[in-house]
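Down below is the structure, laid out as structure tokens.
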Ligand code: KG4
Ligand code: ZN
């Protein structure tokens with residue numbers, strides 16, 4: 001049987017990315033052009049600037065991916081692209097590039113959900129075994145997703161307010177750390193003491209939903225009150241205390257959901273999967289269980305197109321195709 005070669009595109013937020021994936025699990029090329037430097041001075045992603053950068057970068061990134069893989073567009077069996085969720089102006093750049101290539105070269109087009117992509121990043125590490133539970137933690141999402149087979153997603157828990165990464169970035173801003181703040185808080189936390197009492201939102205008993213805005217506000221209040229009293233708070237202690245609160249809730253709920261649903265694997269996905277504390281605590285939590293924990297390497301945790309190609313391979317096998325009327329869908333459901 002002939003190899004399946006997918007050219008994948010991802011432009012949902014602030015990375016312009018293209019990848020070439022062989023048979024769903026082998027990376028032939030993985031190119032990511034990050035815009036972080038352009039958004040830093042605004043303390044977050046500016047949608048208009050993101051779209052403009054995608055337009056400038058997309059062709060370069062696509063050509064680079066084909067060159068890295070040592071192939072031409074003629075060797076491609078399908079074009080995959082992130083349909084949503086994300087910033088609409090950013091999504092549209094990728095979607096239109098994908099449609100243009102599919103139309104001009106008469107190649108099948110496959111649309112992918114961004115979160116499905118994050119989950120499928122794990123397939124480069126380990127073949128999936130069902131049922132499995134994915135903990136998706138990124139700048140825009142905090143979800144527990146139960147999968148009973150390829151391409152089927154049941155969201156059993158999600159955040160009711162801030163996403164984890166968003167909470168990290170907002171707390172980092174209070175501590176005058178640069179954007180994105182997650183990695184800075186993570187690093188500070190390793191040096192600090194868990195000495196400040198902060199809340200944990202467990203919500204209703206048996207709920208797998210999350211809430212992080214209360215914790216974020218508690219951090220802001222702690223800083224504010226200390227300033228008024230002229231007391232000094234060590235940023236590393238605040239970071240360590242905040243991080244412990246976040247991880248405690250994430251790990252406890254993930255373990256409970258994994259047991260209740262008798263899953264074979266737990267997959268970690270999304271940008272916050274880079275968090276050292278989270279990785280360590282999850283490893284501890286599943287060490288003495290018969291549940292296998294899978295964590296992708298850092299470069300596959302943050303936004304990239306390789307993961308979109310991996311998820312697209314499953315869609316393609318199921319016979320799913322997108323039409324040339326494909327649109328970017330900012331609020332796409334999993
Ligand atoms: O998945 P991602 O690259 O983009 C989205 O789809 O949102 O995730 C980016 C988020 C940012 O909020 C960033 O601060 C956070 O992931 N992040 C981290 C770490 N590295 C990245 N948060 C905590 N600890 C880290 N080490
Ligand atoms: Zn993402």
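The values are calculated or read from the model by the stated rules, or taken from the named source; none is laboratory data. Nothing here was measured: the structure is a model prediction, and the numbers come from that model. Quick reminder, even Gly has a Cβ in these numbers, built from the backbone with ideal geometry, and neighbours come from all protein chains shown.
Odds and ends about this structure:
- For region 1-59, residues that are at pLDDT below 95, away from ligand 2 (no atom under 16 Å from the Cβ) and touching a strand residue (DSSP E or B) at 6+ places or on another chain (Cβ under 8 Å) total 1.
- All positions within region 125-149 that are within 20 Å of residue 306 (Cα to Cα), more than 16 Å from ligand 2 (Cβ to nearest atom) and crowded, with 17+ Cβ neighbours inside 10 Å: 128
- Condition check for residue 237: under 26 Å from residue 37 (Cα atoms) and in a helix (DSSP H, G or I): no
- Inspection of region 162-175 identifies at least one residue that is within 18 Å of the chain's Cα centre (by Cα), more than 16 Å from ligand 2 (Cβ to nearest atom) and either in a loop (DSSP other than H, G, I, E, B) or not assigned by TED's automatic domain parsing to the domain that holds residue 34 (or both).
- Pairing residues of region 133-158 that are free of Cβ contacts under 8 Å to residues at least 12 places away in the same chain and more than 24 Å from residue 213 (Cβ to Cβ) with residues that are within 16 Å of ligand 2 (Cβ to nearest atom) and in a strand (DSSP E or B), at Cβ distances under 8 Å and at least 6 apart in sequence or on separate chains, gives 154/145.
- Some residue of region 230-239 being within 27 Å of the chain's Cα centre (by Cα) and under 25 Å from residue 140 (Cβ atoms): yes
- Being at pLDDT below 95 and part of a helix (DSSP H, G or I) is a description that applies to residue 226.
- Selection within region 221-261 - within 17 Å of residue 173 (Cβ to Cβ) and either in contact with a strand residue (DSSP E or B) (Cβ under 8 Å, 6 or more places away or on another chain) or exposed (fewer than 14 other Cβ atoms within 10 Å of the Cβ) (or both): 221, 224, 227
- For region 186-198, filtering for residues that are more than 24 Å from the chain's Cα centre (by Cα) and surrounded by 13 or more Cβ atoms within 10 Å (Cβ to Cβ) leaves 4.
- Applying the set (1) exposed (fewer than 14 other Cβ atoms within 10 Å of the Cβ); (2) within 12 Å of ligand 1 (Cβ to nearest atom); (3) farther than 30 Å from residue 23 by Cα to residue 298 leaves exactly one unmet item: (3).
- When 88, 112, 95 are checked against the criterion of being in contact with a strand residue (DSSP E or B) (Cβ under 6 Å, 6 or more places away or on another chain), within 16 Å of ligand 1 (Cβ to nearest atom) and not assigned by TED's automatic domain parsing to the domain that holds residue 272, a single residue qualifies: 112.
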